[in-house]
Amino acid sequence: MNKLVMVINGRGGVGKDALCDALSKQFKVINKSSVDPIKEIAKRYGWQGEKTPKARKFLADLKQVFVEYNDLPTAYLVEQYEAFMESDAEIFCAHIREGAEIDKFISRIPTQCITVLIRRPDPNGITPYGNAADDMVESYSYHLVFDNVLPLEESGNAFCDVIGRVLNGN
């Protein structure tokens, strides 16, 4: 069975999760984020899932504390990757925002990995979020860039076609 490990990135609200959901309709997908364990910790202490600039900065800052303290975000994704390799899933989507964290994850897994940037035009121009994790996503050199400009279903189908070709070595 072919397996694909994909680091997926993009500014907030560009449709990363929607595209991963579209993938899961055609492939067996595991979709995890390096911020998942950080969100669980934040929920215990008052964060209620909001995606405001203030909340996004809070999560980015909290993640950075754990990166420096015990590398929880990367350790979590490596653990999830190992479970993926033992599963019947075909695609592992690892959401990682920071370039250095992308490189660290890739260096810690033995499987070849592709990096994908999702973009969608912001009708207000590029709006900074006020944290490096969100504001610097386009500064990394990705293997693939997907412009999410079509209606959701069409965009999902196009994304599935592109990733399906990569999965099958085309």
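Tabulated data for the structure shown
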{"item": "Principal axis box of the chain, alpha-carbon based, largest edge first, Å", "result": "42, 39, 28"}
{"item": "Cα-Cα over 25 Å, subset of LYS3/LYS63; LYS39/LYS104; LYS3/LYS43; LYS3/LYS104", "result": "LYS3/LYS63; LYS3/LYS43"}
{"item": "Net charge dipole size for the chain [Lys, Arg +1 and Asp, Glu -1 on Cβ; Debye, nearest 20]", "result": "260"}
{"item": "Theoretical ellipticity at 222 nm over the chain - DSSP helices of four or more residues, -39500 (n - 2.57) apiece, nearest 500", "result": "-14500 deg cm²/dmol"}
{"item": "Segments 153-166, 81-94 sorted - mean Cβ within 10 Å per residue, highest first", "result": "81-94, 153-166"}
{"item": "Segment 39-97 and segment 1-37: distance between their alpha carbon centers, rounded to Å", "result": "13"}
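Every number here is computed from the coordinates shown, using simple stated rules; none is lab data. Because the structure is predicted, anything quoted here is derived from the model rather than measured. With ideal geometry, Cβ positions are generated from the backbone for all residues, glycine too; neighbour counts draw on all protein chains shown.
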